[in-house]
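Before any comments, here is the structure.
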Amino acid sequence: MKKENRNTGALPSDLKIHNRMLVLNAMRDGSLYTAAGIAETTGISRPTVVKCIQYFLERGLVISHGKGESTENGGKKPELYSFVCQKLLLTVTLWPNLLSIHLCRMDLKRITSLRIEGPIKETPEEAFALIKEKSMEMLAEYQYGVEDLYGVSLSTSGTIDYSRGLLKYNTNSPSWGTNIPVRKYMQDIFGEKVELIIENAGKMSGCSELNRRNIEDKRVLVLFSTWGLSACLIEKGHVLNGSNSLIGEVGHMIIDPNDTVRCGCGSFGCAERMLSAEKIRSIIKQNSEKYSRSSLSSIPVRQIGIETVFKHSAGNDEFAGEITAYLAKNFAFLVRNISLVFDPDIIVFEGDYAQADDYFKEMFKNNLAQFKYYPEGGAFAVEYDRRPLEELDMEGAFAYLQRRFFQNEGLYR
């Protein structure tokens, strides 16, 4: 029998699309570029880059800015080009005590923002009525309409049913009930033609990594910690999801089944519970004598959180150091379990644990080193992104929407 030809090399038409995609992606930040510069960045020949640029000039996605400075050897002045698109991106952050809306251009230059602090609305209808009111005011102020939007995102706490566009349940707003039709609410505001992304806060903030580094060949685990604990798993530039929205719900991995307090998910000993501010406060209450001798005693127990402990641990407070060691040990348990099924190249902490002191970092590393399956020197790089979560959420949403635009093959055919 004749052997089947398994050559998977790109056909000329596919290669043309691939080259166009690389060229436009190289220009996505809106800066000025020359054909030679793009050729050097992408590895595509200069004549091919010129053909790609001409294709985008004809479609209004690239504009020419005339001649630049002459080359160092006095050669011909190169022509300068930039990506341009009249469409806009709008992101909505709907968190337990925050509503923020950001509007930007496709090159990620921000136009304006709005921020409202306070408890989330009692009903989803009230919350989305407020989103509609403020979004329309924002667009009208800059003389835009819904038709000017390419994409809109919604970041919220809770798990998302992606296929049906539902917020399954929001533990921070139990009065909302279950299976809230968030996609319909957003489409009622912005229409059905807009590109719509609905994601939970942990994954949306984790998407901030997409435009920060070259991760096309990496596995990245982004750990999100604030009112809860979750993760964004990125593999070769793609965010991993799942039909049941469970990928990333690492806060509900059980790390101490003997714990006596039931988690909101119905189990005992979940990481989210064992690494929470509430757990810290229970440890303090059980160690009243140590607390009375600690610098933490200057703060009411109910006001002590994860960052507070790190701050006092960094100040060499012995009791705060003990709590920090406990947190590092349990986080090492969690990360070890995750690494056995995901094997990340990079781990990034965001939120409360991104503020960790040097003692936490040392103890976390030492606990991981006890696992003999890890190579000497560690199995992955660990980073602590100390930027505010709200900033990361906004950056992640813009990156997610922009990537969706640039990955649309319709632009390149």
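Which three numbers, in whole Å and largest first, are the semi-axes of the equivalent ellipsoid of the chain derived from its Cα gyration tensor as √(5λ)? Don't jump to the answer; show the numbers that get you there.
Working: eigenvalues 363, 150, 95 Å².
Largest first, the chain gives 43, 27, 22 Å.
Students often forget the sequence filter, so: which aspartates and glutamates lie under 19 Å Cα-Cα from Lys184 once same-chain residues fewer than 8 apart are removed?
Leaving aside aspartates and glutamates fewer than 8 places away in the same chain, those within reach of Lys184 are Glu122, Glu125, Glu126, Glu133, Glu147, Asp161, Glu192, Glu195, Glu199.
With 10 angstrom as the radius, rank His312, His252 by how many other C-beta atoms surround their C-beta, starting from the fewest.
Values: His312 23, His252 18.
Lowest to highest Cβ neighbour count: His252, His312.
Obtain the nm distance between the two label points defined at Glu141 and Leu57 by a simple spin-label model: each point lies 7 Å from its Cα along the Cα-to-C-beta direction.
Each label point is offset 7 Å from its Cα along the Cβ direction, giving 3.9 nm.
Charges on Cβ only, +1 for Lys and Arg, -1 for Asp and Glu, centred on the Cα centroid of the stretch 49-113; of Ile101, Phe83, Gly68, which one is farthest towards the dipole's positive end?
My answer, from the dipole projection, is Ile101.
What number, in percent, do you get for the relative contact order of the stretch 211-388 if the mean sequence gap of Cα pairs under 8 Å and at least 6 apart is divided by its residue count? List each step's numbers first, then the result.
Values: 270 pairs, mean separation 38.7, N = 178.
Here the relative contact order equals 22 percent.
List the lysines whose alpha-carbon lies under 26 Å from that of Lys285, not counting same-chain residues fewer than 8 positions away?
Lys311, Lys329, Lys361
Fewest first, what order do Trp95, Trp227 take by the number of other Cβ atoms within 10 Å? Please report the intermediate quantities before stating the final value.
Working: Trp95 19, Trp227 16.
In increasing order of surrounding Cβ atoms, one gets Trp227, Trp95.
Work out the length of the dipole vector of the chain about its Cα centre, built from +1 on the beta-carbon of each Lys and Arg and -1 on the beta-carbon of each Asp and Glu, and round it to the nearest 20 debye. Spell out each step's value before the answer.
Numbers: 50 positive and 52 negative charges, 216 e Å.
Around 1040 debye, computed over the chain.
Pairs of lysine in the stretch 61-180 with Cα under 16 Å and at least 8 positions apart or on different chains: total?
5
Once label points are set 7 Å from the Cα along Cα→Cβ at both Lys67 and Glu278, what is their separation, rounded to one decimal in nm?
7.0
Residues in the stretch 109-132 near a label at Asn97, defined as backbone nitrogen under 12 Å from the 7 Å Cα→Cβ point?
Output list for this probe position: 117-120.
Report the relative contact order of the chain, percent, no decimals, based on alpha-carbon pairs under 8 angstrom and at least 6 residues apart. Walk me through the intermediate numbers first.
Values: 673 pairs, mean separation 53.4, N = 413.
The normalised contact order for the chain reaches 13 percent.
Would you order Val146, Val220 from fewest to most other beta-carbon atoms within 10 Å of each residue's own beta-carbon?
Numbers: Val146 15, Val220 26.
Listed from fewest to most nearby Cβ atoms, that is Val146, Val220.
Please state the charge dipole magnitude for the stretch 211-388, taken about the Cα centre, from unit charges on C-beta atoms (+1 on K and R, -1 on D and E), reported in debye and rounded to the nearest 20.
On the way: 21 positive and 23 negative charges, 55 e Å.
It comes to approximately 260 debye.
If you average the C-alpha positions of the stretch 122-174 and of the stretch 47-114 separately, how far apart do those two centres end up, in angstrom?
Distance between centres, Cα-based: 26 Å.
Enter the Cα centre distance for the pair the stretch 312-331 and the stretch 231-272, rounded to the nearest angstrom.
The stretch 312-331 and the stretch 231-272 have Cα centres spaced 24 Å from each other.
By the scheme Lys and Arg +1, Asp and Glu -1, what is the net charge of all other residues having a beta-carbon under 11 Å from that of Leu223? List each step's numbers first, then the result.
Working: positive: none; negative: Glu350, Asp352, Glu383, Asp385.
Surrounding charge for Leu223 is -4.
Readers should treat all values here as calculations from the given coordinates under stated rules, not as data from a laboratory. Just so we're clear, the structure is a prediction, and the values are computed from it rather than from any experiment. Neighbour counts are summed over all protein chains in view; Cβ atoms, including those assigned to glycine, are modelled from backbone coordinates with ideal geometry.
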